[in-house]
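This report refers to the structure that appears directly beneath it.
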């Protein structure tokens, strides 16, 4: 069987040995961040199909204006578009033998529960990220002071500079100019990898040397606030090579966004399940399982809520 067995050290035998340390240690786990920003959450339960839909209402076609006393009030209308996502099954499992469970000094089920929970967090975080990445608005920094925006999901040229204060200010202005609603009622959000923010953070050391406002950590991975944007680090998604200079690119991707980003629809939330033992109780297993789905809420550039700091290479 594929899974954990007693007869192979790397798959289970090492769970007991002479003078074995009783402290449980697991492999280094990346921090997951994207899923907490799926800000449209719906729980439906079972028996309602696999499709989840939401309506998007436009502004009125003709803006109101001043009236002459004898004029009638003008009439207008608005349009409704609908977007959908499909909920799907997610999961993973680790089978193990009764012999391993009987002979192991470490608690087999506790360890498997822990590694499966880590796996579930990473898998669902990645599913959320895949929807963030569909935003049609891209921003490229050709140099240390300018930003080029495109709205067709295709970045123009390569980043010629690490992300800096000048870029952040221009992106903040773009978020505001597009009337994108703030995520928490006050601030926009940005999420990226630690090295991507390094040059930007170095600049902020002088700006915030004597300023404490805006540096209160509220959400997972939060590092600080600047120009109306709260910044978060994530290490789960490797979006570009860690050297950052492959193909002339000097910065990993960053996602700047407001409210109404990604929808999360849940039929069955993630849960740990035990396998019904087979082979007269000798074959066991534990799995995580979920039935849910993710979808970017606004696909049209005019209504998009996410700007991706991007590069062609």
What ratio of Cα Rg to 2.2 N^0.38 Å holds for the stretch 41-86?
2.00
For the stretch 64-151, what is the Kirkwood estimate of the hydrodynamic radius, computed as the reciprocal of the mean inverse distance between distinct Cα atoms, to one decimal in Å?
20.3
Can you tell me the order of 160-169, 91-100 when each peptide is scored by its average per-residue count of other Cβ atoms within 10 angstrom, highest first?
160-169, 91-100
How high is the relative contact order of the stretch 93-178, given as a whole-number percent (alpha carbon pairs under 8 Å, six or more residues apart)?
18
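We did not get these values from a lab; they are worked out from the coordinates using the rules stated. Note that the structure is a prediction, hence the values are computed from the model and not measured. Methodologically, a virtual Cβ is constructed for each residue, glycine included, from the backbone with ideal geometry; neighbour enumeration extends over all protein chains shown.
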